[in-house]
Every structure is written in structure tokens, then in C-alpha cells.
Amino acid sequence: MTETAPARARAEIDLAALRANVRTLRAQAPAAALMAVVKSDAYGHGAVPCARAALDAGATWLGTATPEEALALRAAGLPGRIMCWLWTPGGPWREAVEADLDLGISGLWALREATEAARAAGRTARVQLKADTGLGRNGCQPADWAELVAEARRAETEGLVTVTGLWSHFACADEPGHPSIAAQLTLFREMLAQAEGAGLRPEVRHIANSPATLTLPESHFDLVRTGIATYGISPSPELGTAGDLGLRPVMTLWASLALVKHVPAGHGVSYGHHYVTAGDTTLGLVPVGYADGIPRHASGTGPVLVGGKWRTVAGRVAMDQFAVDLGGDEPPVGERAVLFGPGDHGEPTAEDWARAAGTIAYEIVTRIGTRVPRVYVNDYVNE
């Protein structure tokens, strides 16, 4: 997207920062390949441009949740290995096989649908068996693992599938020292040994997400999957800030002030009058709201940089707008109100908004809606 995008609000996406983050993460796991996870439109940043930038920086895999996301990447011309793992019955299995995607398999029903798709397509399906080592979401339970492995091996001997990977996912890697981490690693190794003992020879074994990539080298195996860290956001305050981890936030969100006006003391602001001015002051109207992904939970707490000063959301965040108390300052209409960015110029970060809303920074960036244009900067490789 070019600079002709509407000026009401923009999310500026710094692809040089993303490439630098990928290089930092690769250095944390030098013996493993890196999968850049670009699910949910690259955590709100834009899947196709971010995927290309990640590949430019040395990622060799791309990961999505849904097959539709993966198929869209392939349709956009993205090469190489693309994996997707959140399937439901009747999904686009044949299309995925024909697009040479790697298919995450968590149970027999999924393996059977992949096998039927391979038959229909007349080509071998690439599948990766997921072990539930303790997260309790997707993945095959240890008690059912032998049966899934055996059926996958039979399908391999028939030429219907190739088991390219064995994988799992941590529950608490963002909590250093949590006992589940060691327990999951132990179980994962046991389930790997069981699968390999049954004759499977996977290309990649992987369990490490962003926090594990940064803090658990023993979990790196053949491949690490980096999601939120790719976009320059710390996976957890317990691990440190983005800067502590050598990461740079990729998204900067700003809007243009739509109105600046004087109001007297005792003036209510926004629905419910949860904020009332303490004295004569000025209010600035920021033309984004919860329809754009600004969390209503940050009403009265969300930070915004206007005119070089931190302001706070005054009253409730509405669907399309919220107000800030400017304390008598009179910036011009059209002045930028920066909601979050890297923090280089004193602006809040996505982590600051997460604290204000009682959530995690993942949600802050991912929820920014389609009414906010993405503008890509540093969309070239010259580093």
C-alpha cells in the first residue's frame, strides 16, 4: 500500500524490523530451520508482505493455522514449505495436497481425510503428526499415538502420504521454570522414539514456539516456529521487553486528530460519563474505536502520544472513536495521535496497551481491523 492511503488512521509495518527480528531469532537457534508463523494475517501485520520479508531474511518455512490461509499464500506466489494445522472435517484437503502444503494431523479422522485427498489428487500428501504432550488442545493423546503412527506408516508404504514431521506445542514456555516444560519435552522425546521405532523418518521434529526459541535451546530440534517474536513483541513480560530480547516492534499505529475543542469543568466525556473533566480543558478526538480493534477494556487507561506527551483515553472507547484530555494543549486538527509503536519517540508500545486492557500484546496487534490500512515501509532488502 502506498502513501495515498486515507489519513484517518494507519498501521505502518516496518519490514526491515521484521527481517532483523527473523535474523535475531535464527541466531538463537542456529542449528535449526525457522518457520515464520503468519497466521491471522501475520498477527494483523499482513500475511503476504510479512511472509516475503521473512523468507528474504532466511526463514525456510511458513506456518498458518487454517488451510485457507496457507492456500492464499500459495495463490500469492509464495514458494517453499508452507504448513497449516487447524483442520475441520470436509476441509480443502485435496486443494492443500495439490498446492504442496504440509498438513498438520492430530487424529485418525484427519489422516484418513488427507489420505482420501491424496488418492483423489493422484499425488502424495505431506503430513505432520502432532502429539499432545500436555497443552490439551489440538494433537494426538499419548494413548492414541501408536494407532495414529501405525496408520500413517501404512499410508506411507502405499505411497499416499509422506510423514514429513512430528511436532507438538508448549503450554507454558513463556513461564520460565514451569514444571510442565520439562515434562512436555520428556514426553515429546518418548513419542518421537515411538514413532521412529515404528518406521517413521520425519524430515523435521519441532516443538519450540517464540519463547522456547529464545530461552530453551534443548527444545530446538530441527525446526523452530516463531510467531509473535517475528513481529518484535516479547512473548511474555517474564522473559523481558522486546528490547531486552533484541527484537524491534514492527507495527506503529496512529490516527489523525479529528477534532480539538475547549470544554468547561464538569463536562462528561463519552458514553456513561465515566470521565468528567476536572477543570477547563481541551479534548482531542481520536477517530478509531473498537470496530478498528481498539480494546474497549482500555477505556480510561489506554495510552496515546499526542504533541509529545502521553495522554490517556478519557472515558469509554466507542465503536469508531475515543477522546483524550489534552489538559489545555491545542494541537492542530490532523495532528498524529500515536497509539503504539517501537517506543523510539516516547510513544506507547503494544505491551503498554496490553497492560492497560488486561490482556496480552498478541491480542493488541492481531485485532487491528481492516478499516485501518496497512502501509509497508522498508519493503526492500538492502541491509
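Some points to look at:
- Subset of the stretch 234-245 (residues that are open to solvent by less than 70 Å² (accessible area, probe 1.4 Å) and under 22 Å from L339 (Cα atoms)): S234, P235, S236, G240, A242, G243
- Only one of A51, A32 that is open to solvent by less than 40 Å² (accessible area, probe 1.4 Å) and touching a residue at least 60 places away in the same chain (Cβ under 8 Å): A32
- Odd one out for R26 among (1) under 30 Å from A117 (Cβ atoms); (2) open to solvent by 10 Å² or more (accessible area, probe 1.4 Å); (3) in contact with a strand residue (DSSP E or B) (Cβ under 7 Å, 6 or more places away or on another chain): (1)
- Meets criteria (of a type in the set (A, V, I, L, M, F, W, C), over 19 Å from F170 (Cα atoms) and buried (at least 19 other Cβ atoms within 10 Å of the Cβ)) for L111: yes
- Filtered by the rule that a residue be among the basic types (K, R) and crowded, with 19+ Cβ neighbours inside 10 Å, the stretch 359-374 gives a lone residue, R374.
- Filtering P142, P176, P89 for residues that are open to solvent by 20 Å² or more (accessible area, probe 1.4 Å), touching a residue at least 12 places away in the same chain (Cβ under 8 Å) and within 21 Å of the chain's Cα centre (by Cα) leaves a single hit, P176.
- Residue in the stretch 192-208 that is under 28 Å from the mean Cα position of the chain (by Cα), open to solvent by less than 10 Å² (accessible area, probe 1.4 Å) and over 15 Å from L223 (Cα atoms) present: no
- Every residue from the stretch 268-325 that is aromatic (F, W, Y) and more than 16 Å from R367 (Cα to Cα): Y271, Y275, W310, F322
- Residue that is nearest to the chain's Cα centre (by Cα) [pool: residues in the stretch 111-122 that are among the hydrophobic types (A, V, I, L, M, F, W, C) and farther than 14 Å from V149 by Cβ]: A114
- Counting only strands (runs of 3 or more DSSP E) wholly contained in the stretch 254-358, the ones carrying 1 or more residues that are aromatic (F, W, Y), within 20 Å of R10 (Cα to Cα) and open to solvent by less than 10 Å² (accessible area, probe 1.4 Å) occupy 322-325, 336-340.
- Test: A117 is touching a helix residue (DSSP H, G or I) at 6+ places or on another chain (Cβ under 6 Å), in a helix (DSSP H, G or I) and open to solvent by less than 40 Å² (accessible area, probe 1.4 Å): yes
- Some residue of the stretch 129-138 being over 30 Å from the mean Cα position of the chain (by Cα), open to solvent by less than 60 Å² (accessible area, probe 1.4 Å) and at negative phi: no
- V38 over 29 Å from A114 (Cα atoms) and either crowded, with 19+ Cβ neighbours inside 10 Å or more than 14 Å from the chain's Cα centre (by Cα) (or both): no
The values are calculated or read from the model by the stated rules, or taken from the named source; none is laboratory data. No experiment lies behind these values; they were computed from the predicted model shown. Glycine gets a Cβ as well: all are built from the backbone with ideal geometry, and neighbour counts include every protein chain shown. To get the accessible areas, we keep the full protein, side chains included, count just its heavy atoms, and leave off ligands, DNA and RNA. Shrake-Rupley method; radii C 1.70, N 1.55, O 1.52, S 1.80 Å.
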